[in-house]
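Undergrad: One structure, as structure tokens, below. Some questions next.
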Amino acid sequence: MHQQRRRLPWITTRGLAAAFVLGLTCSPLAGAETSSAPANASAYLLVTDEQGEPLFQTAMPEGARWCLQWHHSVKKFAVLDCYRNHAGVMELERSHQPDFAAGLGHTQGRGEQLSDGKGGYWIEGIDEPVPGNQYALRVGALAVDHRLVWQRDGEAKSFSLSRRAAGERVTLQLTETALSSVNNK
């Protein structure tokens with residue numbers, strides 16, 4: 001039997017993005033707002049295209065958290081894979097899945113599945129290092145809307161990968177090197 005935890009009482013299929021915009025303190029990034037991102041931050045989240053050209057960069061100091069959010073291609077609800085900078089290592093920390101739709105689900109022994117109280121579930125405590133601090137992603141169309149979401153100084157932030165690179169292969173990486181030529185628009 002799974003333990004029920006009401007970590008995010010506001011999670012709904014349509015309300016997820018609005019909740020990020022509101023910057024609620026019980027967000028999937030709770031605690032992230034305590035890590036400000038000074039210009040001399042020791043780590044950066046960097047997204048590059050297939051040729052290695054930078055598409056996006058933001059400071060992600062020790063303890064900072066961010067999520068990759070997208071809409072399931074069949075059910076159209078938002079899914080979250082949430083990461084953190086743990087001592088310079090990119091770790092998959094947790095995942096939110098509102099349904100057991102195609103391609104989604106919990107793998108026994110990989111985190112703990114807990115109810116979100118709204119018919120979906122969180123997989124907590126995954127805490128799995130990402131090999132090489134990077135992974136490749138084939139970015140979905142605008143309907144899928146792959147996007148990075150995070151909080152900085154209590155303010156919700158978001159960057160749409162789909163608007164910038166739909167259908168393309170990108171690499172997301174946690175790096176110590178800041179690039180000066182990144183246009184985050």
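Bear in mind that the values in this text are calculations on the coordinates, not laboratory data. Values in this document were obtained by computation on a predicted structure and should not be read as measured data. Methodologically, a virtual Cβ is constructed for each residue, glycine included, from the backbone with ideal geometry; neighbour enumeration extends over all protein chains shown.
Undergrad: If you count, for each residue, the other Cβ atoms within 10 Å and average over each peptide, how do 122-128, 91-97 line up from highest to lowest? Please report the intermediate quantities before stating the final value.
TA: Details: 122-128: 17.1, 91-97: 21.4.
Listed from highest to lowest mean packing, they are 91-97, 122-128.
Undergrad: When ranked by the protection proxy of mean other Cβ atoms within 10 Å per residue, highest first, what sequence do the peptides 44-55, 79-90 form?
TA: Details: 44-55: 15.7, 79-90: 19.4.
Highest to lowest by the protection proxy: 79-90, 44-55.
Undergrad: Loop-only GluC sites (Glu not before Pro) in the stretch 142-185, please: DSSP not H, G, I, E or B, and at most 13 other Cβ atoms within 10 Å.
TA: Glu176
Undergrad: Quickly rank 56-69, 140-153 as a protection proxy: mean count of other C-beta atoms within 10 Å, highest first. Don't jump to the answer; show the numbers that get you there.
TA: Working: 56-69: 21.0, 140-153: 18.2.
Ranked by mean Cβ neighbours within 10 Å, highest first: 56-69, 140-153.
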